[in-house]
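The values are calculated or read from the model by the stated rules, or taken from the named source; none is laboratory data. It should be emphasised that the depicted structure is a prediction, and the values quoted were computed from it without experimental measurement. Here the Cβ is made from the backbone with ideal geometry for all residues, glycine too, and neighbour counts use every protein chain on show. Side chains included, ligands, DNA and RNA excluded: accessible areas come from the protein's heavy atoms. Shrake-Rupley method; radii C 1.70, N 1.55, O 1.52, S 1.80 Å.
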Amino acid sequence: MKASRKSYLSFAVLLIAAIFGGPGALEAVDFIRGDTNNDNAVSLADAYAYFHFLFQTGTGVTCLEAGDVNGDGELDIQDGIDTLQYLFLGGAPPLAPFPQAGPDPLPPDLGCNSYGGGSALEDPEARLEILSPTLAGGASGHGFITVLLTTPQRTVGYSGRIIVGGGIIDNGPLTTPAGTIWEGDYHDLATDFTGLADYLSVYGKGQTLSFGVLSTIGHPKWIEPVADLKVLEFPVCLKPGTEAGTYPLTLEYGELVYVDTLQAVRPRLASAAITVLEEVTGSGCVPTPRTNVKFSLADGSAAPGGTVDLPLSVETDRGAQGIIFSLEYDGTLLEATGVEAVWQRPDGAPYEIAVYHLVPGPILTPAGVIRDSSAGGYFWAVNPLNNQHIFLPIDQKFEMLRVSFKVKPDAPPGVTEIRFKDGAPAIPDSGDDEFRICSRTGFIHCANIREYHNLLRSGFSYVTPQVASSFFFVNGFLKITGDISIFRGDANADNQVDQSDAIFILHHLFLGEAAPSCEDQADANDDGQVDITDPIAILQELYIKPGSIAAPYPEWGRDPTPDRLRCPRRSTRP
């Protein structure tokens, strides 16, 4: 998209000439090339002013010549790109007049009716902060620098410049031909990995690290007002021979760009320090991105013929828009009956995509073997190309879904596992072998899938167990209780609780003797495991502190707490 003399000025020149009586009113003024927003400096805010003018409003630029960074007589997207490359990629600076204001040495193709008068805005409520990283050193010479943002207004971009003390940074292994540090392996936690950042760069030159993030080029997108949000994480490498110690990280410069102003905003700055625990002995540093994900399925209990909802929780340190999950369970015991989305978008709107399939079982394979049944789902909070800015919580465990199961009427008492396992099939809605999923609101996005897997959707990336730093799965266990009653504390099943029960547990734990026939009865304190605390609870109950044994005690009854302990026999009163 471009603004040329013909497209932007022809009509304006005729109109002004008619009103003021001649072309003298268009006399050129001094300006700084690249300073599109007239605040007497070239910064990230000028790049925002370009794209705001070209793609959103067509207003806000009074000196078109100042915006023509490459001097080709046109104001187009390349000028904005050239500005970003100069600021954050070591690219060529704007043509003269730069860096001081002066007359335009080039032909006046675009005109400059007015220039200057603006300045950067000081906002004491805004802050950019660098966290102090601790690096192990030794054979590992890499670590990560994290940037925190506090902003009282909607923010479309931020940038900064860090000076590293001690000469410890080794840019060599991290430098691509474009000059960026390990391009693609840094995390813009607030925007890029929710599909919002249109531009992100971290550039190293000597001991100076510059970063710039612009979350909008073609569409209005922003970070909402926030305090202490981790917005950026990028890797650094230490030089071999760097000694153990503490080295300053000085945040020398910082800038924010607000939605409602084209001027640069100066936030308060907070510097930090790198602590190196051991002398760096390794070389050829190759940092890996930190992406950690955990899917957890809660435990539950139900009687034959009964139902239970098992919460599925997610925990990740990376901004994400949704998940795909795939479960496997014993179809001879259970039937999956539904999936409910628990986590809700902050704006109250429905998920862009919320579908699941429950494959009934048991399923007989061609070899005649019973295969476990499957449940899979595809849950998207927001489409990555949508203008919304919704993403899942970061650095906290939250319940995203609930999966409902019905215990089959003839299921025997016991404990059965519900496992995270890739491959839950998607049921085609036509004669094809693929299922087509489309978003329900906003930007229409469709995908064809054959089966579900376990992954996190982060921006335009799929975080799978193969590419994540860690991807943990906590399977769920469902206790089929039936009409089993237990007598808590009766570990040796002699229908009474006495000192012999404590001895029985100790012999099992430390002498390798027989296990309790009903683990629930041996779990005297009802903490979901049989360990040394259980004989202690029994002895306390008998001799020191009544009430130490959990219910059901001293009467028979059902275990009130879901856990993974087994009690396969039918317990009865004496």
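Computed values, structure above
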quantity: Test for PRO220: is it modelled with pLDDT of 90 or more, in contact with a helix residue (DSSP H, G or I) (Cβ under 8 Å, 6 or more places away or on another chain), more than 30 Å from PRO413 (Cα to Cα) and open to solvent by 40 Å² or more (accessible area, probe 1.4 Å); calculated: no
quantity: Total residues in region 517-546, condition under 45 Å from the mean Cα position of the chain (by Cα) and of a type outside the set (Val, Ile, Thr); calculated: 16
quantity: Residues of region 332-357 classified as open to solvent by less than 40 Å² (accessible area, probe 1.4 Å), part of a loop (DSSP other than H, G, I, E, B) and not basic (Lys, Arg), total; calculated: 5
quantity: Extreme residue, farthest from VAL202 (Cα to Cα), among residues of region 68-93 that are outside any helix (DSSP H, G or I), in contact with an Asp or Glu (Cβ under 8 Å, 6 or more places away or on another chain) and open to solvent by less than 60 Å² (accessible area, probe 1.4 Å); calculated: GLY73
quantity: THR59 vs. criteria surrounded by 23 or more Cβ atoms within 10 Å (Cβ to Cβ), free of Cβ contacts under 8 Å to residues at least 60 places away in the same chain and farther than 14 Å from GLN263 by Cβ; calculated: no
quantity: Residues of region 249-276 that turn out to be open to solvent by 10 Å² or more (accessible area, probe 1.4 Å), of a type in the set (Asp, Glu) and either closer than 12 Å to GLY160 by Cα or touching a Pro at 6+ places or on another chain (Cβ under 7 Å) (or both), as a count; calculated: 1
quantity: Index of the failed condition, PRO133 passing every other in (1) in contact with a Phe, Trp or Tyr (Cβ under 7 Å, 6 or more places away or on another chain); (2) open to solvent by 50 Å² or more (accessible area, probe 1.4 Å); calculated: (2)
quantity: Counted residues, region 317-331 - those being modelled with pLDDT under 90 and either open to solvent by less than 30 Å² (accessible area, probe 1.4 Å) or out of contact with any Ser or Thr (no Cβ under 9 Å at 6 or more places or on another chain) (or both); calculated: 6
quantity: Unmet criterion (only one of (1) open to solvent by 30 Å² or more (accessible area, probe 1.4 Å); (2) in a helix (DSSP H, G or I); (3) acidic (Asp, Glu)) for GLU513; calculated: (2)
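Residue by residue, here is whether (1) more than 30 Å from GLU513 (Cβ to Cβ); (2) open to solvent by 40 Å² or more (accessible area, probe 1.4 Å); (3) part of a loop (DSSP other than H, G, I, E, B); (4) modelled with pLDDT of 70 or more holds:
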residue	(1), (2), (3), (4)
ASP429	yes, yes, yes, no
ASP432	yes, yes, yes, no
GLY442	yes, yes, yes, no
ASN448	yes, yes, no, yes
ALA468	yes, no, yes, yes
PHE472	yes, yes, no, yes
LYS479	no, no, no, yes
ILE484	no, no, yes, yes
ASP490	no, no, yes, yes
